[in-house]
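These notes are about the structure you will find just below.
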Amino acid sequence: MKRTLSILSILSLAFVMTAAALGQTASAQQTKPEHLSKRQLNSLIATAKTPAEHQRIAQYYQAKAQDYLAQAKEHALMVAAYKANPSLTAKSQASTINHCEYFVQTFKDLAAKSQELAQLHDQMAKDAEQK
């Protein structure tokens, strides 16, 4: 009976992670922003003057924010899966849950900061239009 519960718990975790990955893929396909390498981004940041250039940067940061939110959601699903797993010891469950909760908060913070940068570059694009 205990083995059956362990197997069901593992299968549940695999299902949750698969569903999260599929959700991430579907959202990534809906918005296909231009891919900028770190080098391209840094170069663009250093030289951006036109509204279009600032918009490219803003879109990069908006896409990063969405990616970070998807990762936060994935870790939140893992928290729920670990909490639902009766075969884990209390110590093991606490450490895995704390680990995932840390990443939920970290990715949410990164998303917020990326969104702020996107808004700044949106404003820079508007300011450049008025010149």
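The values are calculated or read from the model by the stated rules, or taken from the named source; none is laboratory data. Given the structure is predicted, the values throughout are model-derived calculations rather than measurements. Heads up, the Cβs are rebuilt from the backbone with ideal geometry, glycines too, and the neighbour counts pull from every protein chain shown. Surface accessibility is based on the protein's heavy atoms, side chains included, excluding ligands, DNA and RNA. Shrake-Rupley method; radii C 1.70, N 1.55, O 1.52, S 1.80 Å.
Looking across segment 70-111, the residues that are touching a Phe, Trp or Tyr at 6+ places or on another chain (Cβ under 7 Å) and either within 27 Å of Ser37 (Cα to Cα) or of a type in the set (Phe, Trp, Tyr) (or both) come down to Gln71, Ala72, His75, Phe107, Leu110, Ala111.
Restricting attention to segment 57-76, report how many residues are in contact with a helix residue (DSSP H, G or I) (Cβ under 6 Å, 6 or more places away or on another chain) and open to solvent by 60 Å² or more (accessible area, probe 1.4 Å). Residues that pass the stated criteria total 2. Picking from residues in segment 81-99 that are among the small types (Gly, Ala, Ser) and farther than 24 Å from Gln71 by Cα, the one that is most open to solvent (accessible area, probe 1.4 Å) is Ala90.
For the list (1) open to solvent by 40 Å² or more (accessible area, probe 1.4 Å); (2) within 18 Å of His35 (Cα to Cα), I need the number of the one condition that His54 fails. His54 satisfies every listed condition except (1). Pairing residues of segment 108-123 that are within 18 Å of Ala76 (Cβ to Cβ) with residues that are open to solvent by 60 Å² or more (accessible area, probe 1.4 Å) and not basic (Lys, Arg), at Cβ distances under 6 Å and at least 6 apart in sequence or on separate chains, gives Ala111/Leu69.
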